[in-house]
Structure formats: C-alpha cells, structure tokens
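Participant: Pasting a structure here, questions to come.
The values are calculated or read from the model by the stated rules, or taken from the named source; none is laboratory data. What you see is a predicted model, and the numbers here were worked out from it, not measured in a lab. With ideal geometry, Cβ positions are generated from the backbone for all residues, glycine too; neighbour counts draw on all protein chains shown.
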Amino acid sequence: MPTDKADKRIYKVAFTYNGKEVASRYANYDGNVGTLPTPQEILGVAYNTANTYKLVFADDFYAEYPIYADRTVAVDVIVNNMCEIATKEDWKKFGDFVRSGEGNLNAKLTADLNLGTDIQKIGSESTDYRGTFDGQGHTITIDWNGNGGDYFALFPFVTDATIKNLRVTGKMTTDVPMGVFSYLAGGNTTFSGCVSDVKITNGDKNDTYCAAGMVRAAYSEGKITFKDCIVAGDLNGTTDNSKQNMGGFVCGQADDATCTFDNCLYTGTNNAKGGYAFAPKPTLNNCYYVNAFANVQGTPTTAEQLASGYVAWMLQSGRAENVWGQTLGTDLEPQLSATAKRIYKVAFTYNGKEVASRYANYDGNVGTLPTPQEILGVAYNTANTYKLVFADDFYAEYPIYADRTVAVDVIVNNMCEIATKEDWKKFGDFVRSGERNLNAKLTVDLDFGSDILKVGSESTGYSGTFDGQGHTITID
C-alpha cells in the first residue's frame, strides 16, 4: 500500500550463489527476513535428494539479522559435509567455513596448491578443526615469511581431527612459535601418510616450544598419533632459545598427553642444541632417523641404508597394502606412496641364521651378492680362501617377485669335511652345483643304510681329491 512512513518501507535481501541471484526475501526497516532460503531454492535443478546440504551465509547472516537497506548475501553450499579444494580460492573458502563454525567439515585436496606468501590458515583458537582432511597425495607449497599472527601453522588448532595423505613443502620463516601442520593438537588426533618437507627458520627468543616439522605441541590429555609420516627439510634456529626448543615432529608435549609414532621417518637436518626428533615423551614403533637431536630417539639409519631399500622395507612392515616404496637406483630415500614401487627383501642365511640381506623391486634383482666376510662375520679369516654356494642356484640377477630367503654354504680352502650323512649329502649338492673340483675328507665312519646318496652326475663328474682317511662307508 502507498505510505510515506519510513518504517514501512520494504527492503530486499538478494541471495546469490556462484555470483547469480537465486532467491530473495523482504523486510521492513529494522525488521528481518524471518526465514532463510532452503538448499532446494539455492540449487534449483541441481538439488539432489540423495545428498545432504548445509548453507553457509556470508557475513554470518541469519534469519533474524536486522535489515536497514537493500542488501546482497552470498551463499555457499556444503554437500555431504565435504569441501573439495582445487584452487587457492577453494582453500580460502574452506578456511572461512571452519572459522564460521564448520569445524567438523571434511575436505579433500584434488590438486597441488601453491599458497605462495599468502598466509591462509584453517581455523583459529576459538574455531579448532575437527574434521577429516585428505590431501590425496597432493602437495601444498608455502613461502610464509613473518609473524603471521600468534599461531603459525596450516591448521593452528586441531582436536579429534584426522589429517592424511598431505604433503607440505616450501619455507616458513618466523620469530613466533610455529608448527608446519599444527600449532596445538588435542583430543584423539591422527596424522597419517603426511610429509613435511619445509625449510624452517625460527628466531623465537622467549617461548618454551619454538618450532616443529609437524606439530608445535600436544595439548593436555591429547592422544596424538602419527602413522607413516616423514619429516624432511631443514630446521634452523637463529637464537639460542630456538635451538634449544625445537622438534622434528613435535617439540612440546603436556605431561598428560601421549604422542604415538608408527612407522615414521625423520630425514631432516637441524642445528639443534636440544629438542627431539619425534617428541619429548614418544611411544615409538618402528621409527627411524638420520640426523639426531640432542635427545636421541628412534633407530638410526644412514644414507646408504635409505638408498638400498632397507628402510623402505622396514617401514612397510609386511603389510599387504602398499604404503612405502622406492625405485631402487633412482630414489635415494623411501617414498610414501601407494603407487611407489614395492621393495622386496632377500634374506641370506648361514647355519639357519640371517647374516646378510639385499633388496629389490618387483621383477628386479639384488645386483650384488653377499661377500664371504658378510656371511662369516667375525669367523672370517684372511688366511683362508672362501667360496659361497647359494641355494636354488640363486645368483645376482635372479628375478625377484616376493620376499624370499636364500641359504648359503661356505667352502673353505676348497675342502669339504664330512662327519655326517648330512655332510655327505651337502658334498654331493656342491658337486652337482658345479663344484666338481672340490676336495673332501671323511672324518668318521658313515652308514647310509638304504639311502642312495651319490656324488656328482653324468653332467657334473667329480674331479677333486677325496680322502677317506681310512674310514668306512656302509651301504645297503
């Protein structure tokens, strides 16, 4: 109706989705719209009853929001509690969602991201992240320089969260406390299949916990678990305080918090005067390090062991699903990827005990065989000559398709001493394997009974010297 009363004037609130107006509501001055648009209104023909939807309104707009003029409200739609991230803008939107209260929102990365110098964090002290974030093997690259606020980390606060299959690379430089993945982790939080390969420079002069490759600190009563994770990169403290208070994975841990590490690897470098490769009070299960901190933790390993396949095989730990792999001859370190080439172990045994090992990819080979010194260990004598005989005619280029064990026999000074029926059988095996010039001597009488145990064959005639030393072989 016509009126000159200002409080009766009608104002429009236009709701837009992807930049297009899709719904509207109306209100008087200082009134409100009463009801918000439904997902079906916002999506139109794209609405699917099989999905669940949640609408997120810009500027924290709500149904009773007071209206004083025409206005436009952008709407985002969360489908099945999942946010797919393919661009820097998607990452920013994800952060906005979490800060607006959607802390339980799940997300997955569908492409590599380069955030560059943009310090875009997920959540805040009052809106911690509680969902599942799946990097799907993708990489986030950062070049963060400066204080970046009080909480310097991709996910500053996480509680009961899961962050998996995410790789982070680049640089972080700051004088405030920081962690690459998280500033503070609490509840039952898990990091799985994650790689931190970030060059960290920290100049903190005052704080107790300064910098860490994964999580700055585990919060009170937190149960933080790291499964199949790598921390690489350089951790450089520029003050005495930061050098004393740094960590490869975690540098701070509340007295009642637990930090459990399963099949994790620290390959980073550091100039630590204190600190820990894993955490102040860790539970370590099959974890390895290259460069120790002042407080030594885990199993030491070397560049040679990393390149050989040994560490990848150990970290894989016999699991059926492929978690750790390595292309031998190309990759200098284990690769955390389901698509990486699996490593197989060839264990060499002597007298029933494993004494050496080699590693190979599927349909590859071990390249080199163990030496007599490897097989004999302290029993090796430089005054003797040795020849190794490998079971099943195993050789260096033998194709490998699974883990396997190869028994090794040792011939010393081309002489085989025979004291049992088993020694006689082994002597025959040696000759049939090609050692036809092998000498032998009998040290006791033997009774073969009805066992037909012959030495050599038509193709491997015996050409050595056999000394019975006056002993008798009885046959039936």
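Participant: Any chance segment 46-67 includes a residue that's over 27 Å from V79 (Cα atoms) and modelled with pLDDT of 90 or more?
Facilitator: Yes, that holds for at least one residue.
Participant: Pick out the one residue from E397, E422 that is of a type in the set (D, E) and modelled with pLDDT under 90.
Facilitator: E422
Participant: Moving to a separate point now. Looking at segment 256-272 only, could you name the residues that are of a type outside the set (S, T, Y) and under 18 Å from the mean Cα position of the chain (by Cα)?
Facilitator: C259, F261, D262, N263, C264, L265, G268
Participant: Looking at segment 246-286 only, could you name the residues that are in a strand (DSSP E or B), of a type in the set (A, V, I, L, M) and at pLDDT 95 or above?
Facilitator: Passing the criteria: V250, L265, L284.
A quick yes/no check of all residues on (1) surrounded by fewer than 17 Cβ atoms within 10 Å (Cβ to Cβ); (2) part of a loop (DSSP other than H, G, I, E, B); (3) not β-branched (V, I, T):
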| site | (1), (2), (3) |
| --- | --- |
| L328 | no, yes, yes |
| T339 | yes, yes, no |
| V346 | no, no, no |
| T349 | yes, no, no |
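For every residue, the table says whether it meets (1) under 30 Å from Q136 (Cβ atoms); (2) assigned by TED's automatic domain parsing to the domain that holds L105; (3) of a type in the set (S, T, Y).
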residue	(1), (2), (3)
K8	no, no, no
A27	no, no, no
A46	yes, no, no
Y68	no, no, yes
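Participant: Looking only at residues that are among the small types (G, A, S) and surrounded by 24 or more Cβ atoms within 10 Å (Cβ to Cβ) in segment 177-192, which one is nearest to V158 (Cα to Cα)?
Facilitator: The qualifying residue nearest to V158 (Cα to Cα) is A185.
Participant: Hey, another quick one. Kindly evaluate D90 against the criterion of being of a type in the set (D, E, K, R), more than 19 Å from P37 (Cα to Cα) and either surrounded by 15 or more Cβ atoms within 10 Å (Cβ to Cβ) or touching a residue at least 60 places away in the same chain (Cβ under 8 Å) (or both).
Facilitator: Judged against the criteria, D90 is a match.
Participant: Determine, yes or no, whether V250 is crowded, with 17+ Cβ neighbours inside 10 Å and either under 25 Å from G203 (Cβ atoms) or in the same structural domain as G137 (by TED's automatic domain parsing) (or both).
Facilitator: Answer is yes for this residue.
Participant: If you don't mind, there's one more thing I want to ask. Picking from T339, T283, T330, T301, which residue would you name as being among the β-branched types (V, I, T), over 30 Å from S242 (Cβ atoms) and in contact with a strand residue (DSSP E or B) (Cβ under 8 Å, 6 or more places away or on another chain)?
Facilitator: T339
Participant: Among the residues of segment 390-397, is any part of a strand (DSSP E or B) and under 30 Å from D447 (Cα atoms)?
Facilitator: Taking every residue of segment 390-397 in turn, at least one turns out to be part of a strand (DSSP E or B) and under 30 Å from D447 (Cα atoms).
Participant: Kindly state which strands (runs of 3 or more DSSP E) lie completely within segment 43-151 and contain at least 1 residues that are small (G, A, S).
Facilitator: Of the strands (runs of 3 or more DSSP E) lying wholly inside segment 43-151, those with at least 1 residues that are small (G, A, S) span 71-79, 106-109, 113-116.
Participant: Out of curiosity, is E333 in contact with a Leu (Cβ under 6 Å, 6 or more places away or on another chain) and surrounded by 14 or more Cβ atoms within 10 Å (Cβ to Cβ)?
Facilitator: It is true that E333 is in contact with a Leu (Cβ under 6 Å, 6 or more places away or on another chain) and surrounded by 14 or more Cβ atoms within 10 Å (Cβ to Cβ).
Participant: From the residues in segment 191-207 that are among the acidic types (D, E) and assigned to a loop (DSSP other than H, G, I, E, B), which one is nearest to R130 (Cα to Cα)?
Facilitator: D207
To keep it simple, each residue is scored yes or no on (1) touching a residue at least 40 places away in the same chain (Cβ under 8 Å); (2) within 15 Å of the chain's Cα centre (by Cα); (3) closer than 25 Å to G187 by Cα; (4) assigned by TED's automatic domain parsing to the domain that holds M178.
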{"position": "N241", "(1), (2), (3), (4)": "no, no, no, yes"}
{"position": "A254", "(1), (2), (3), (4)": "no, no, yes, yes"}
{"position": "G274", "(1), (2), (3), (4)": "no, no, no, yes"}
{"position": "V311", "(1), (2), (3), (4)": "yes, yes, no, no"}
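Participant: Out of all the residues in segment 303-316, is one or more in a loop (DSSP other than H, G, I, E, B) and among the aromatic types (F, W, Y)?
Facilitator: No, segment 303-316 contains no residue that is in a loop (DSSP other than H, G, I, E, B) and among the aromatic types (F, W, Y).
Residue-by-condition table, conditions (1) free of Cβ contacts under 8 Å to residues at least 40 places away in the same chain; (2) of a type in the set (K, R):
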position	(1), (2)
T16	no, no
I42	yes, no
N51	yes, no
Y68	no, no
R99	yes, yes
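Participant: Continuing with the same structure: Sort through E374, E333, E354 and tell me the only one that's among the acidic types (D, E), at negative phi and assigned to a helix (DSSP H, G or I).
Facilitator: E374
Participant: Mind counting the residues in segment 198-239 that are of a type in the set (D, E, K, R), under 23 Å from I140 (Cα atoms) and without any contact (Cβ under 8 Å) to a residue 40 or more places away in the chain?
Facilitator: 3
Participant: Something else now. Within segment 53-66, can you find the residues that are of a type in the set (D, E) and in contact (Cβ under 8 Å) with a residue 40 or more places away in the chain?
Facilitator: D60
Participant: Could you tell me how many of the residues in segment 208-239 are of a type outside the set (G, A, S), surrounded by 18 or more Cβ atoms within 10 Å (Cβ to Cβ) and not in a strand (DSSP E or B)?
Facilitator: Qualifying residue count for the region: 6.
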